[in-house]
Amino acid sequence: MPIGMETMLRALRSILLSCALLLLDIAGASAQIEVGTPAPPFRAELIGGGTFDSASQRGKVIVLNFWATWCKPCREEMPALEAYYRAHRAKGLEVIAISIEGPEDLGKVKNVMKSFSFPAALASGAQTQGYGRLWRIPITFVIDRRGVLRFDGFKFAKTLDSRTLEKIVTPLLREPRATAEVDLGAKTRSGAQG
């Protein structure tokens with residue numbers, strides 16, 4: 001098979017996979033996510049082994065990024081995510097990058113992720129339905145220490161840069177961990193009474 005044809009078939013496979021993921025996510029699209037409400041839980045099998053479960057990350061700030069190796073804007077924002085992660089992970093920051101590509105592209109995803117220290121997963125090995133239909137990438141969500149959605153990437157049309165991350169995430173990292181956990185309990189109890 002000529003090299004050009006092979007590249008074209010790979011691109012077509014990626015497009016078809018993206019379309020399939022969009023169709024699978026239609027059920028989740030009806031469940032609107034909203035800033036200020038509890039973030040939908042998610043779980044992902046990491047490409048380096050292990051599992052990332054948002055429920056076990058309570059008390060940390062989570063940056064959830066959806067991307068693909070063929071997406072130029074995705075690749076452009078990843079160095080900013082990496083620099084921010086390295087500078088702030090000791091303060092309770094978690095970053096996870098979920099590629100919308102399929103298992104056949106695992107080698108490409110692993111190759112890109114060699115340059116980054118934050119964990120990554122494939123969408124096929126993740127449960128992220130609560131985040132709706134991913135009709136564009138890159139798209140990023142930020143979850144605070146209490147598990148509340150604080151940034152909805154659907155409402156932000158640009159790629160993330162260091163200044164944007166500082167503006168959105170840094171104030172959340174300043175919230176004390178213990179207070180964040182206590183506040184969630186108080187909010188849950190008052191919500192159950194009201």
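No lab work stands behind these numbers, since they all come straight from the coordinates. Please read all numbers here as calculations on a predicted model, not as lab measurements. Here the Cβ is made from the backbone with ideal geometry for all residues, glycine too, and neighbour counts use every protein chain on show.
What is the gain in length, in nm to one decimal, between Arg174 and Val35 on full extension, counting 0.36 nm per residue of separation less the C-alpha to C-alpha distance? List each step's numbers first, then the result.
On the way: separation 139, 0.36 × 139 = 50.04 nm, distance 1.87 nm.
Using 0.36 nm per residue and subtracting the Cα-Cα distance, I get 48.2 nm.
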List the lysines whose Cα lies under 18 Å from the Cα of Lys72, skipping any in the same chain that are fewer than 8 positions away.
Lys108, Lys110, Lys114, Lys158
Put in order of increasing Cβ neighbours within 10 Å, starting from the fewest, Leu173, Leu81, Leu64 give Leu173, Leu81, Leu64
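Using Cβ contacts closer than 10 Å as the measure, can you line up Ser117, Ser162 from fewest to most? It would help to have the intermediate numbers written out before the result.
Numbers: Ser117 10, Ser162 14.
Least crowded to most crowded, the residues run Ser117, Ser162.
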Taking the simple approach of a point 7 Å from Cα along Cα-to-Cβ for both Glu6 and Thr51, what is their distance in nm?
3.7 nm
Fewest-first ordering of Trp67, Trp135 by Cβ atoms within 10 Å yields Trp135, Trp67
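Highest first, please rank the peptides 83-92, 140-149 by the mean number of other Cβ atoms sitting within 10 Å of their residues.
Numbers: 83-92: 15.6, 140-149: 22.5.
Going by the mean number of other Cβ atoms within 10 Å, highest first, we get 140-149, 83-92.
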